[in-house]
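Visitor: The structure's right below; bear with me while I get my questions together.
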Amino acid sequence: IETIAREIAEHYGAEISVIVGDDLLTQNYPAVNAVGRAAVEHRAPRMIEMHWGDLSHPVLALVGKGVVFDTGGLDIKPSAGMRIMKKDMGGAAHALALARMVMSAKLPVRLVVLTPVVENAISGDAMRPGDVLSTRAGLTVEVGNTDAEGRLILADALTRAAELKPVLTLDLATLTGAARVAMGPFVIPFWTADDTLARQIEAASKATFDPLWRLPLW
């Protein structure tokens, strides 16, 4: 993911920064560090941030979940469920692809791309059920199941996005199999508390024959 992000940044003249390993703690991304710290050094957790566009333009934030492999952690997945978990970085992949489209089209936005990238590995340093983790927002989270790693890394990334005061944040994630159970494999669910935005998304979905379905967000 980092390699592709750097290639995109170089091609379009975007600024990019990458925070890796224990530096995540000093830069206040504790949840990203906690989820990914069990991986081997060359697959250490990292936070990738890319900026592009005129500073005077409205800020558009793209956030993508980048779990490059998900064992489930100590609450380990069964083998059949783990076999396809290379796809758990699909959110980050979509965020980078969308970023490339935005830059290529030269849209009048100040684009920010945030991709927390981890491997949810198992080792002596892996987070444990019952651990209480800090987050960038200053809140704490008790881990009930280590296979709920995506929402932890996204918590830090979404907090960072909010700090930049975007007019719109799009959060892309392979977050829960329950969505697939509810909607099946061909219809993508989305959530927003903004009714106007929801109508715009639904209209675009129909116009492009790309089925989406809004689920409740209370």
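Visitor: Hey, in the GNM for the chain with a 10 angstrom Cα cutoff, which one of Ile16, Ile84, Ile201 fluctuates hardest?
Guide: Result: Ile201 has the largest fluctuation of those listed.
Visitor: Counting Lys +1, Arg +1, Asp -1, Glu -1, what net charge surrounds Ala44 among other residues with beta carbon under 14 Å of its beta carbon?
Guide: -3
Visitor: Once all Cα-Cα distances of the chain are split into 10 Å bins that start at 0, what whole-number percent is in each one?
Guide: Taking every Cα pair in the chain, the percentages come to 8, 32, 37, 20, 3, 0.
Visitor: Moving on to the next point. For segment 124-218, which whole-number percentage of the solvent-accessible area (1.4 Å probe, protein heavy atoms only) is attributable to carbon and sulfur atoms?
Guide: Ligands and nucleic acids excluded, carbon and sulfur give 60 percent.
Visitor: If I take every Cα pair under 8 Å that is 6 or more residues apart in the chain, average their sequence separation and divide by the length, what percent do I get for the relative contact order?
Guide: This gives 24 percent for the chain.
Visitor: Still on this structure: If you add up the charges near Glu119, with Lys and Arg at +1 and Asp and Glu at -1, over every other residue whose beta carbon is less than 15 angstrom from its beta carbon, what do you get?
Guide: 0
Visitor: Calculate what fraction, in whole %, of the accessible area of segment 45-89 sits on carbon and sulfur atoms when a 1.4 Å probe is rolled over the protein chains.
Guide: On segment 45-89, the fraction of accessible area on carbon and sulfur atoms equals 65 percent.
Visitor: Would you mind working out the accessible area per residue for the chain, using a 1.4 Å probe, and quoting it in Å²?
Guide: About 54 Å² of surface per residue is accessible.
Visitor: Find how much the distance from Thr196 to Ser79 grows on full extension, using 0.36 nm per residue of separation minus their present alpha carbon separation; answer in nm with one decimal.
Guide: Extra length available between Thr196 and Ser79 comes to 37.9 nm.
Visitor: Which number gives the lysine pairs in the chain that have C-alpha atoms under 15 Å apart and are eight or more places apart or on different chains?
Guide: Lysine pair count for the chain: 4.
Visitor: What is the gain in length, in nm to one decimal, between Ala178 and His57 on full extension, counting 0.36 nm per residue of separation less the C-alpha to C-alpha distance?
Guide: 39.8 nm
Visitor: Next question, about the same structure. Do any trypsin sites (Lys or Arg not before Pro) in segment 9-85 lie in a DSSP loop with no more than 16 other beta carbon atoms within 10 Å, and if so, which?
Guide: Arg83
The values are calculated or read from the model by the stated rules, or taken from the named source; none is laboratory data. Just so it is clear, the structure is predicted and the values come from calculations on it, not from any experiment. We place every Cβ from the backbone using ideal geometry, glycine too, and count neighbours over all the protein chains shown. Just the protein is used for accessible areas: all its heavy atoms, side chains included, with ligands, DNA and RNA removed. Shrake-Rupley method; radii C 1.70, N 1.55, O 1.52, S 1.80 Å.
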